[in-house]
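Shown next, in structure tokens, is the structure this report addresses.
The values are calculated or read from the model by the stated rules, or taken from the named source; none is laboratory data. Because the structure is predicted, anything quoted here is derived from the model rather than measured. Here the Cβ positions follow ideal geometry from the backbone for every residue, glycine too, while neighbour counts run over all protein chains shown. Surface accessibility is based on the protein's heavy atoms, side chains included, excluding ligands, DNA and RNA. Shrake-Rupley method; radii C 1.70, N 1.55, O 1.52, S 1.80 Å.
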Amino acid sequence: MTNHRFDQAMDLALGQAKLSGKDVPVGAVILDPSGLLVASAHNERELTGDPTAHAELLAIQRVGKAKGDWRLEDLTLVVTLEPCVMCAGAIIAARIPRVVFGAFDERVGAAGSRYDLLRDSRLGSPVEVIAGIMEKECSQLLKDFFEAKR
């Protein structure tokens, strides 16, 4: 999918993913309505020993703390890998209206691949999902990581 509007933000998320160290390289950034960066994070599960330290959750926590508000109703989350069920739940709870992701996660993706929680109106207002932004770059980073582990 081509949507150059989010390429710069996905570049920032890829930069975050590359900081993941021993963890699965996933990066996330959160943008304000004008497109300015307000938070960024990468996976830190291995670093912290915390199974919930996914890039999306860490970015959401950081912006919520900075804003002093858990309602993130005017922000956009950009992440290199399709959010999992846990992250989708946090996105819905934070009322983030738009999620942009790069690589699809056929195994546990919750934004259209395996599940479609973000667009399930039974859970609240459906989230706009823009998928496949810089998909090749995001997928290659993950592929290289897992090949190096073999």
Query raised in the report: How far is helix 55-67 tilted off the main Cα axis of the chain, in degrees rounded to 10, range 0 to 90?
Result: 40
Query - Sites V85 and S34, calculated FRET efficiency, Cβ-Cβ separation with R0 35 Å, nearest 0.05 - result: 0.70
Requested in this report: Give the accessible surface of region 36-82 per residue, rounded to a whole number of Å², with probe radius 1.4 Å and ligands, DNA and RNA excluded.
Outcome: 50
Query - Summed side-chain charge close to P126 - residues other than P126 whose Cβ falls under 13 Å, Lys, Arg +1, Asp, Glu -1 - result: +1
**Report entry** Proximal charge balance of H42 [Cβ under 12 Å; K/R count +1, D/E count -1]
**Finding:** 0
Report summary line: On the accessible surface of region 6-145, probed at 1.4 Å with all protein chains in place, carbon and sulfur together account for a percent value of 52
Report summary line: For the chain, longest principal axis from Cα atoms; helix 7-17 axis from its Cα atoms; angle between them, nearest 10 degrees, is 60
Query raised in the report: If you stretched the chain out fully between D50 and S121, how much longer would it get, using 0.36 nm times the residue separation minus the C-alpha to C-alpha distance?
Result: 22.5 nm
Requested in this report: Write down the radius of gyration of the chain and its Dmax, each obtained from C-alpha positions, in Å.
Outcome: 14.0, 43
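How big is the charge dipole of the chain about its Cα centre, in debye rounded to the nearest 20, if each Lys and Arg gets +1 on its Cβ and each Asp and Glu gets -1 on its Cβ? Could you put the intermediate results ahead of the total?
Values: 18 positive and 21 negative charges, 39 e Å.
My answer is approximately 180 debye.
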Query raised in the report: Which of the lysines could a cross-linker bridge to K136, judged by Cα under 21 Å and excluding same-chain residues fewer than eight apart?
Result: K18, K149
